Amino acid sequence: MSRIKIIAGNWKMYKTIAEAAAFAYEFVAAFDGSEHEVVICAPFTQLAPLKRAFSGSAVKIGAQNMHFENEGAYTGEISPPMLVELGVDYCVIGHSERRQYFAETDDTVNRKLKAAFAHGIMPIMCVGEVLEQRDAGKAFDVVERQVVDGLEDIKQKDAERLIIAYEPVWAIGTGRTATPEQAEEMCAFIRRIVSELYGKDTAEKLRVQYGGSVKPSNATELLSKENIDGALVGGASLSPTDFKAIVEF
Ligand code: 13P
């Protein structure tokens, strides 16, 4: 079955509104559509301006995190209805930087996934092992645990629309990309886990992205793999030229 590839930029904590506007202007001027889905996951302050800047283009917008409650005394947090109001299409959930610096766990990831689906926001659930885990031969166990616990009690109809991003932590921002074979092996493994949980049809619909030092020079090799259905791009998504080259891999 052919799955539509999804190339998403994760800007992390980069760019002011003015810089985001400049990116959008340059990117939209050069981008004349794609057979792939294209998403920019930006800091909260830039979502509304980007939504306007990308209207009339096929570029979608995503947030990088959200709370699982609709409202409440959670100082500094942003809720799913607040994102819906901005027209946000996607939300990155459980990025390794959030797990590492902001105490996210498989349990909070699971709650956030449920909240995202309940509000019609498409979650991009991030999983991936750290270097010591890979070196100790534990990468597959770690990723399996993250997928199984993250998806606990997620309904089949939601699992079908899910996007999982495999981001080996040792490849993020390091310039050390996983080899296409390593990335393909883990993405195929993730599809097998989902097949065991939800059956083959759901697993065939699932889109699995690779993330970790994706750049124009390695995008084609990675994205040509059978089980890699897209990329979650950090650093290289900050440049309209590089991001366009990746989208056009
Ligand atoms: P880099 O592409 O900068 O390695 O970042 C990957 C990432 O964390 C995307 O979410």
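The values are calculated or read from the model by the stated rules, or taken from the named source; none is laboratory data. Keep in mind that this is a model prediction, so the values were computed, not measured. So basically every Cβ, Gly included, is an ideal-geometry build from the backbone, and we count neighbours across all protein chains shown. Accessible surface areas use protein heavy atoms only, side chains included; no ligands, DNA or RNA. Shrake-Rupley method; radii C 1.70, N 1.55, O 1.52, S 1.80 Å.
A compact table of results
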| read-out | value |
| --- | --- |
| Long pairs among K112/K205; K12/K112; K15/K225, criterion Cα-Cα beyond 28 Å | K15/K225 |
| 5 Å-binned pair-distance histogram of the stretch 6-75 (Cα, whole percent) | 3, 16, 26, 24, 15, 8, 5, 2, 1 |
| Cα coordinate range in the stretch 59-134, projected on the principal axes (Å, largest first) | 41, 33, 18 |
| Distance between the stretch 95-148 and the stretch 170-248 - C-alpha centres, whole angstrom | 15 Å |
| Dimensionless Rg/Rh of the stretch 139-223 - Kirkwood Rh, Rg from C-alpha atoms | 0.99 |
| GNM result for the chain, Cα springs below 10 Å: residue of A29, A20, A136 fluctuating most strongly | A136 |
| Carbon/sulfur fraction of accessible area - the stretch 160-240, other protein chains in place, 1.4 Å, % | 49 percent |
| Dipole magnitude (debye, nearest 20) for the chain, charges at Cβ of Lys, Arg, Asp, Glu | 380 debye |
| The chain: relative contact order in percent, alpha carbon pairs under 8 Å with at least 6 residues between | 20 percent |
| GNM top mover of G212, G120, G234 - the chain, alpha-carbon springs below 10 Å | G120 |
| Rg(Cα) / (2.2 N^0.38 Å) computed for the chain, rounded to two decimals | 0.94 |
| Gaussian network model of the chain, Cα within-10 Å springs - most flexible of I124, I17, I172 | I17 |
| With every protein chain in place, the stretch 1-153: carbon and sulfur % of accessible area (1.4 Å) | 54 percent |
| For the chain, accessible area per residue (1.4 Å probe, heavy atoms of protein chains only), Å² | 45 Å² |
| Among the listed pairs K157/K215; K138/K244; K51/K114, those beyond 26 Å (Cα-Cα) | K157/K215; K138/K244 |
| Cα-centre dipole for the stretch 80-207 with unit charges at Cβ (Lys and Arg positive, Asp and Glu negative), debye to 20 | 260 debye |
